1. What area, in nm² and to one decimal, does the C-alpha convex hull of the chain cast on average over all directions?
2. Using Cα-Cα distances under 8 Å and only pairs 6 or more residues apart, what relative contact order does the stretch 10-109 have, in percent?
3. What Kirkwood hydrodynamic radius do you get for the stretch 48-112 when you take the inverse of the mean 1/r over all pairs of distinct Cα atoms, in Å?
4. Size of the dipole of the chain about the Cα centre, Lys and Arg at +1 and Asp and Glu at -1 on the beta carbon, nothing else charged, in debye to 20?
5. Counting only pairs 8 or more places apart or on different chains, how many lysine pairs in the chain have C-alpha atoms closer than 21 Å?
6. Where does the chain land at 222 nm, in deg cm²/dmol rounded to the nearest 500, when only DSSP H runs of n ≥ 4 count, each adding -39500 (n - 2.57), divided by all residues?
7. What does the charge count near Pro64 come to, summing +1 for each Lys or Arg and -1 for each Asp or Glu among other residues with Cβ under 14 Å from its Cβ?
8. Report the paramagnetic label zone for Ile109: residues of the stretch 57-81 whose backbone N is under 13 Å from a point 7 Å from Cα along the Cα-to-Cβ axis.
Amino acid sequence: MVDGVPQQSDIIKLDLNPRKGHEQQRFRPVIVLSNNIVSQYTNVVITAPISTTQRRLPLYRDLPDNLNTKGTVLLDQLVTLDYKARSFQFVEKVPSDFLLQLLSVTQRIFTV
């Protein structure tokens, strides 16, 4: 995080409510996937929620063991959030090699 602005690879916690159906809800950690230019100029970040789910799906990736945050990144539930309106808390950063893995998987979602 730089000057109160979430950065790509940050894990932050914020309230995801209101949500509906199978969308992730409540105060939970998410990982910021969007480029820093997005958060710097728009007050929004594109994120993937982190859950303690035990399901193994192709778009889920377990966080590295050396992080304080435990769980699985749900890349099938990307969401754009206004971080200022949701009062976020910085938790920690993920390693750059893990971020690149997440971005690679995410890219496949939008590729024909």
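Values in this text are rule-based calculations from the coordinates and carry no lab data. Just so it is clear, the structure is predicted and the values come from calculations on it, not from any experiment. Cβ atoms come from the backbone with ideal geometry, glycine included; neighbour counts cover every protein chain shown.
1. Averaging across all directions leaves 7.3 nm² for the Cα convex hull.
2. Working: 169 pairs, mean separation 30.9, N = 100.
Rounded, it is 31 percent for the stretch 10-109.
3. Details: mean 1/r = 0.0766 Å⁻¹.
Mean inverse Cα-Cα distance, inverted, gives 13.1 Å.
4. Values: 13 positive and 10 negative charges, 78 e Å.
The calculation lands at about 380 debye.
5. Details: Lys13/Lys70; Lys13/Lys84; Lys13/Lys93; Lys70/Lys93; Lys84/Lys93.
The number of close lysine pairs in the chain is 5.
6. Values: 2 runs with 21 residues, N = 112.
Mean residue ellipticity at 222 nm (helix-derived): -5500 deg cm²/dmol.
7. Numbers: positive: Arg61, Lys70, Lys93; negative: Asp62, Asp65, Glu92, Asp97.
Residues near Pro64 contribute -1 overall.
8. Of the residues in the stretch 57-81, 58-61, 73-81 have backbone N under 13 Å from the label point off Ile109.
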